[in-house]
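The values are calculated or read from the model by the stated rules, or taken from the named source; none is laboratory data. Predicted model only: the values in this text are computed from it and were never measured. Here the Cβ positions follow ideal geometry from the backbone for every residue, glycine too, while neighbour counts run over all protein chains shown.
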């Protein structure tokens, strides 16, 4: 071990030098305080013996200079002193010393001190080496997590969250977020949104987000309804998540055509449908266990339906917002949140305002959970046909010359949605990709007309006001659950033309029919009956037969209408 001795007394310094040298140590001698400081940084000793009283700089200042210097290793300092006052001895420790030895020098004590501090120094070196290794592995882990987070975000957070009608806040506790926020445009336009909260936070909570986001975007693109998406999502999560891990979720479909919003809440804090003109606030409470808890056989989805127009907003949060704690241990809570919404109901950006309210409430304390908040206004409905990219323009024709037939009877009408199947089959003809929204709209309107007004005999006039909307869709749900007879027959004939193609839709149902001309004349002026006027705008022709139980619609598309 290399040892530095700093003592202005030549005799005592030489005695200590001989003792240490005989023990096999390499010794560096300094006669003054300044020389001790210079030799320390020049020779890098592993131990320092330091006299308290020296003529130029005393031992206290030398110890302070050594300890304050830039060095990565720990070097113990043992004071050599003839002082006996407790205050002076305590000052040796306060200024950076680690121990002291009383003069005159005792060989046995010196050897014991050196051996003891040698063991401590080796232990310290081992700790520092382990610390460096841990830091290296931690840095490597952080780099891997950052790369994984980038991949995760590309998969989970694609979609239309950047739309003008959306405000949101995502504040994870760690690199990965246990909260998941998704938004996509279904084929018919409008918007589908989902706010999910997995148990816990960090990487374990984010693992379930991968299959969840894939199911959400994949099934939304194909036109599947909320019950189908949630059923598939629950089946997947129930099979992959460990016991005790689950997903609380709020999912909503905004239908801009019918000006309604369909919401399902499973285990999440209540969501809010806000009317900024009437100041009315509809609270959407959880009506189901979180995803991943129930087996597929017991799982059931029954969404709620509300009016939703340009004067409405949807607000949803995760429990990290509700359960935020202030320094006094008080929880932010749903009551405080509802009071804030009522007091600021006309605020353009409730999301940022609520986040600031939570930060002020918690006094900027450390987060206890991931914090997420989603605010959505009425989106712009569109049926525009996107430009056809080069790959699609030269794709194979697929189902260009084909005919599809399907007949659903009795209970199948309440358990199976044929629209995604029909849409995906038609879209095997790649030239139809830019027409996805229009075709989906035509299929949906014709099928829902046959099912709701034909088989179930529901009157669209019920949908007047918020209560009417809720009543209509409650009657629809109840009717489908009890349905044991009736049918809807679908026939889709896709024919090629010289400049594109023609799709002929034939829908027949077992209902009593309806007054076609009356609905066409009044539909555009009321909340109900707007589907047929829309179909007339989209289709080349609309015809009705057998007192309205048979509808034929013709849609024509042109292959070159998007080429420049």
Can you name the residue in segment 449-461 that is surrounded by 15 or more Cβ atoms within 10 Å (Cβ to Cβ) and either in contact (Cβ under 8 Å) with a residue 60 or more places away in the chain or not assigned by TED's automatic domain parsing to the domain that holds residue 406 (or both) and, of all such residues, is nearest to residue 435 (Cα to Cα)? 449
Selection within segment 515-549 - part of a loop (DSSP other than H, G, I, E, B), modelled with pLDDT under 60 and out of contact with any strand residue (DSSP E or B) (no Cβ under 9 Å at 6 or more places or on another chain): 526, 528, 529, 530
Going through segment 55-72 one residue at a time, which ones are surrounded by fewer than 20 Cβ atoms within 10 Å (Cβ to Cβ), out of contact with any helix residue (DSSP H, G or I) (no Cβ under 7 Å at 6 or more places or on another chain) and under 23 Å from residue 2 (Cβ atoms)? 64, 67, 68, 70, 71, 72
Being surrounded by fewer than 19 Cβ atoms within 10 Å (Cβ to Cβ) and in a loop (DSSP other than H, G, I, E, B) is the filter; apply it to segment 462-485 and report the residue that is modelled with the lowest pLDDT. 464
If you check residue 78 against the conditions, is it closer than 23 Å to residue 112 by Cβ and more than 60 Å from the chain's Cα centre (by Cα)? no
Lone qualifier among 122, 111, 103 - being within 30 Å of residue 50 (Cα to Cα), at pLDDT 90 or above and either touching a helix residue (DSSP H, G or I) at 6+ places or on another chain (Cβ under 8 Å) or surrounded by fewer than 18 Cβ atoms within 10 Å (Cβ to Cβ) (or both): 111
Show the residue pairs meeting these rules: Cβ distance below 7 Å; 6+ apart or different chains; first residue within segment 86-97 and in contact (Cβ under 8 Å) with a residue 40 or more places away in the chain; second residue part of a helix (DSSP H, G or I) and surrounded by 12 or more Cβ atoms within 10 Å (Cβ to Cβ). 97/63
For segment 425-439, check the following and say yes or no: at least one residue is closer than 19 Å to residue 511 by Cα and either crowded, with 16+ Cβ neighbours inside 10 Å or without any contact (Cβ under 8 Å) to a residue 24 or more places away in the chain (or both). no
Of the residues 259, 328, which is surrounded by fewer than 17 Cβ atoms within 10 Å (Cβ to Cβ) and modelled with pLDDT under 90? 328
In segment 38-52, how many residues are surrounded by fewer than 21 Cβ atoms within 10 Å (Cβ to Cβ) and farther than 16 Å from residue 118 by Cα? 5
With the structure loaded, tell me whether residue 207 is out of contact with any helix residue (DSSP H, G or I) (no Cβ under 6 Å at 6 or more places or on another chain) and modelled with pLDDT of 90 or more or whether it fails that test. no
Can you confirm whether residue 345 is surrounded by 17 or more Cβ atoms within 10 Å (Cβ to Cβ) and in a loop (DSSP other than H, G, I, E, B)? yes
Reported set for segment 486-514 where residues are outside any strand (DSSP E or B) and surrounded by fewer than 15 Cβ atoms within 10 Å (Cβ to Cβ) is 498, 499, 512
May I ask you to verify whether residue 404 is assigned by TED's automatic domain parsing to the domain that holds residue 484 and buried (at least 22 other Cβ atoms within 10 Å of the Cβ)? no
Which residues, taken from segment 246-262, are under 18 Å from residue 444 (Cβ atoms), in a strand (DSSP E or B) and touching a helix residue (DSSP H, G or I) at 6+ places or on another chain (Cβ under 7 Å)? 253, 260, 262
Only one of 305, 250 is touching a residue at least 60 places away in the same chain (Cβ under 8 Å), within 19 Å of residue 170 (Cβ to Cβ) and surrounded by 18 or more Cβ atoms within 10 Å (Cβ to Cβ); which? 250
Top-ranked residue of segment 368-425 - restricted to ones that are modelled with pLDDT of 85 or more, out of contact with any helix residue (DSSP H, G or I) (no Cβ under 8 Å at 6 or more places or on another chain) and in a loop (DSSP other than H, G, I, E, B), ranked as farthest from residue 345 (Cα to Cα): 401
